[in-house]
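Scroll down for the structure; my scribbles are underneath it.
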Amino acid sequence: MSQQIRPVPLANAIAERLQTMILEGVLRPGEKLLPERELAETLGVSRPSLRQALNLLEDKGLLVTQKSGTMVSRFLKELVDPLAELLADDQRVAADYFEFRRSVESHASGLAALRATEPDRKAIRDCLERMRAAHGIDDTTLEANCDVELHGLVYEAAHNVLLLHVMRVLGDLLRKGVFYNREQLYRRPGVRDTLLEQHIAIGEAVLSGDAKAAEKAAAAHINFTYSTIEDIRRDEMRMATSLRRIDRKDLVADPSSTSR
């Protein structure tokens, strides 16, 4: 006798759909979902079935319900926060970060050139346009935000969910200032022009489907960024040394007042 096929409960089907969207990065950690009534209407399901589905995902640690509503859980927070504390005061971190990112970024850009869908390409085009506009009006904050967004769009266009989540974790650490200060980078004379050219080169290579060009542009961008960050660090060290030389008078006795 053949085994009977049992229908999947609606709540399980809803939960599976939402879980897939979290896995693919469509729903991002920290994002708030629509109110229950609106979300049920959007998905075309009953509120009781939706509520059961949300409870299933909450039990998995993928959603969290607060007074303000239901949010996608920051499920990697338990990794990010201790990692930030661990890396914050180690001088090797920046070099190791850029070494790792050079490899991953190049590969991701090559994958994006090969795998990007038309919606992916449209998002990258739009981001490049906003980046050019921000550069033109000298809005460094907006331009830096577009910088982060562009790299995120490239990771998404690579269509590798593990790579996407890992790089988002690194992005969180970068925003915490663990690896370097992005504001310092954008304030350095001449750097913004070069960064714009490099971001355009990465984006255009992905849009044209040229994997080799995308990999090369990404590697050049990471190398330049690291080199510039190191220049900034060395300049800060030199300035600190100069200031200590000026302040040395507060630490030594005045020779003219020394008793003989």
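Every number in this text was worked out from the coordinates using simple rules, so none of it is lab data. Source: prediction; values computed, not measured. In this analysis, Cβ positions are derived from the backbone assuming ideal geometry, glycine residues included, and neighbour counts consider all displayed protein chains.
Where nothing but the Cβ of Lys and Arg (+1) and of Asp and Glu (-1) is charged, how large is the charge dipole of the chain around its Cα centre, in debye to the nearest 20?
On the way: 37 positive and 40 negative charges, 69 e Å.
It works out to roughly 340 debye.
Exposure proxy check: 151, 159 ranked by fewest other beta carbons within 10 Å? Display every interim value, and only then the final one.
On the way: 151 23, 159 17.
So the residues, fewest neighbours to most, are 159, 151.
With viscosity set to 1.002 mPa s and temperature to 20 °C, compute the Stokes-Einstein D of the range 10-72, Rh being the Kirkwood radius across alpha carbon pairs; µm²/s, no decimals.
Working: Rh = 11.5 Å.
The calculation lands on 187 µm²/s.
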For this session: List 247, 235 from most exposed to least, where exposure is judged by having the fewest other Cβ atoms within 10 Å.
Result: 247, 235
Exercise. What's the Cα-based Rg to Rh of the range 61-123, Rh via Kirkwood?
Worked result: 1.14
Problem set entry | the chain: C-alpha pair distances exceeding 33 Å, % | 38 percent
Exercise. Short version: ³J(HN,Hα) in whole Hz for each residue of the range 66-76, in order, from phi by Karplus 6.51 cos²θ - 1.76 cosθ + 1.60 (θ = phi - 60°), x for Gly and Pro, what are they?
Worked result: 10, 4, 7, x, 9, 10, 5, 5, 7, 5, 9
For this session: Using amide H atoms built 1.01 Å from N in the peptide plane, name the residues 5+ places from residue 70, or on other chains, whose amide H lies under 5 Å from its own.
Result: 33
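Pairs 122/212; 77/122; 32/60; 60/122: which are spaced more than 24 Å apart, C-alpha to C-alpha? Write down the numbers at each step before the final one.
Details: 122/212 21 Å; 77/122 31 Å; 32/60 17 Å; 60/122 34 Å.
Correct reply: 77/122; 60/122.
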For this session: Find the relative contact order for the chain and round it to a whole percent, using C-alpha pairs within less than 8 Å whose residues are 6+ positions apart.
Result: 20 percent
For this session: Starting from the amide H of residue 63, placed 1.01 Å from N in the peptide plane, find each other amide H under 5 Å away whose residue is 5 or more places distant or on another chain.
Result: 58, 73
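For the chain, what is the calculated [θ] at 222 nm in deg cm²/dmol (nearest 500), taking -39500 (n - 2.57) for each run of four or more DSSP H residues and dividing by its residue count? Kindly include the intermediate steps, with their values, before the conclusion.
Working: 11 runs with 182 residues, N = 260.
It lands at -23500 deg cm²/dmol.
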Exercise. Using θ = phi - 60° and the Karplus form 6.51 cos²θ - 1.76 cosθ + 1.60, what ³J(HN,Hα) does each residue of the range 32-37 get, whole Hz, x for Gly and Pro?
Worked result: 8, 6, 4, x, 3, 4
Problem set entry | Whole-angstrom gap from the range 96-133 to the range 38-85, using each part's C-alpha centre | 28 Å
Seminar exercise, completed: Semi-axes a, b, c in Å (a largest) for the range 1-129, each sqrt of 5 times a Cα gyration tensor eigenvalue, come to 35, 22, 17
